Amino acid sequence: MNVTLYPLTSNDLPRVAHLRVAPDQIRFSGTVHEAFAAAEPLVDFHAIAVDTDTVGFFKIDRGYHKNYPFAGPSDVGLRRISC
């Protein structure tokens with residue numbers, strides 16, 4: 001089994017559109033569709049694959065420190081993990 005992380009572009013929604021979180025978790029993480037619809041210029045999308053199957057999605061927020069005062073200027077945020 002090979003686990004791979006790979007970057008996504010704003011056109012890659014079809015690669016991760018099938019991923020869902022439990023209904024009670026949507027209020028915390030939102031949906032993959034919402035992530036792609038949001039205009040967040042400092043956020044990068046990434047996928048998690050096991051062998052050839054895409055099994056996860058997450059965001060790296062390079063502007064995390066701008067919204068969370070506890071974060072330092074060089075800190076990044078790991079956000080919206082779906083598996």
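Would you mind calculating the gained length between ALA71 and LEU13 on full extension (0.36 nm times residue separation, minus the Cα-Cα distance), in nm to one decimal?
Result for the pair: 18.0 nm of gain on full extension.
With only alpha-carbon pairs counted, each pair once and no self-pairs, how large is the Kirkwood hydrodynamic radius of the chain in angstroms?
13.4 Å
Dipole size in debye (nearest 20) for the chain around its Cα centre, Lys and Arg Cβ +1, Asp and Glu Cβ -1?
Rounded to the nearest 20 debye, it is 180 debye.
Evaluate E = 1/(1 + (r/R0)^6) for GLU34 and MET1, where r is the Cβ-Cβ distance and R0 equals 30 Å; express this FRET efficiency to the nearest 0.05.
Efficiency, rounded to the nearest 0.05: 0.50.
If I model a spin label at VAL55 and ARG27 as a point 7 Å from the Cα along the Cα→Cβ vector, what separation in nanometres do I get?
3.0 nm
FYI, it's all coordinate maths here, none of it is from the lab. Bear in mind that the values here come from a model prediction, so they are computed numbers and not experimental data. Glycine gets a Cβ as well: all are built from the backbone with ideal geometry, and neighbour counts include every protein chain shown.
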